[in-house]
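Engineer: Could you have a look at this structure, given as structure tokens, before my questions?
The values are calculated or read from the model by the stated rules, or taken from the named source; none is laboratory data. It should be emphasised that the depicted structure is a prediction, and the values quoted were computed from it without experimental measurement. Cβ: placed from backbone, ideal geometry, glycine included. Neighbour counts: every protein chain shown. When the accessible area is computed, the model is the full protein with side chains, heavy atoms only, and any ligands, DNA or RNA have been set aside. Shrake-Rupley method; radii C 1.70, N 1.55, O 1.52, S 1.80 Å.
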Amino acid sequence: MKKAKLYARVSTDKQDSSVDQQIKELQEFWAKLNLDGYEVEYLIDENVSGGTELFDRPQGSKLKDLEADSIVIAYKKERLFRNTINALQIVYKWLDDGVTVYFIENGVEPLNLSNPNSKFIFTILCAKDELEKDTTALRTKLNMKFRKENGRTYSSAPYGWTNSGERGTNGKIIEGKLIPNPIEQQVIRNIKHWRHI
């Protein structure tokens, strides 16, 4: 039996609604295609960064060796790929092997890279997705470095410290600072003392 693989991915456990939304979109899109004779499998990678290559993901690995006449559907390219070279290598192999690829954002027409303009646009859009990933990662790294160097909170407080500051409407601390927790600091001093006894 021919197989259809419907793929969704979210990066963090704070994106639960995103999983539900992607699954809903995949179900509706599959119904719209109105294709018979396919065994449909939903592949959901949760808490998986886009920086993890597709075939290294728990569910994405099931897309590695697809037979001819298989179908792959994802909501957007960036759910499958965040690396341009990786995207091009995998997609071209799929197409060469007779796999049909759909991205819901592009409508009910399957991906076709035989046209030079389509190939160019697909490559540019993949590069854009990779740029967004890399820019976000760099911005996050620099922000955390700045916060750490300036004694501001950048994660949950380590033992011996407390996150201090006003909480916003989302419950998160705004412009928080790490301040010593007297009780936990005493425990740390005791441990250091006992180590030398």
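Engineer: Of all residues in the stretch 146-162, which are open to solvent by less than 90 Å² (accessible area, probe 1.4 Å), modelled with pLDDT of 65 or more and in a loop (DSSP other than H, G, I, E, B)?
Structural biologist: Asn150, Gly151, Ser155, Ala157, Pro158, Gly160
Engineer: Inspect the stretch 179-196 for any residue being at pLDDT below 85, of a type outside the set (Val, Ile, Thr) and surrounded by 13 or more Cβ atoms within 10 Å (Cβ to Cβ) and give the result as yes or no.
Structural biologist: Within the stretch 179-196, not a single residue is at pLDDT below 85, of a type outside the set (Val, Ile, Thr) and surrounded by 13 or more Cβ atoms within 10 Å (Cβ to Cβ).
Engineer: Looking at Ile179, Ile183 in this structure, which one is more than 20 Å from Gly50 (Cβ to Cβ) and outside any strand (DSSP E or B)?
Structural biologist: Ile183
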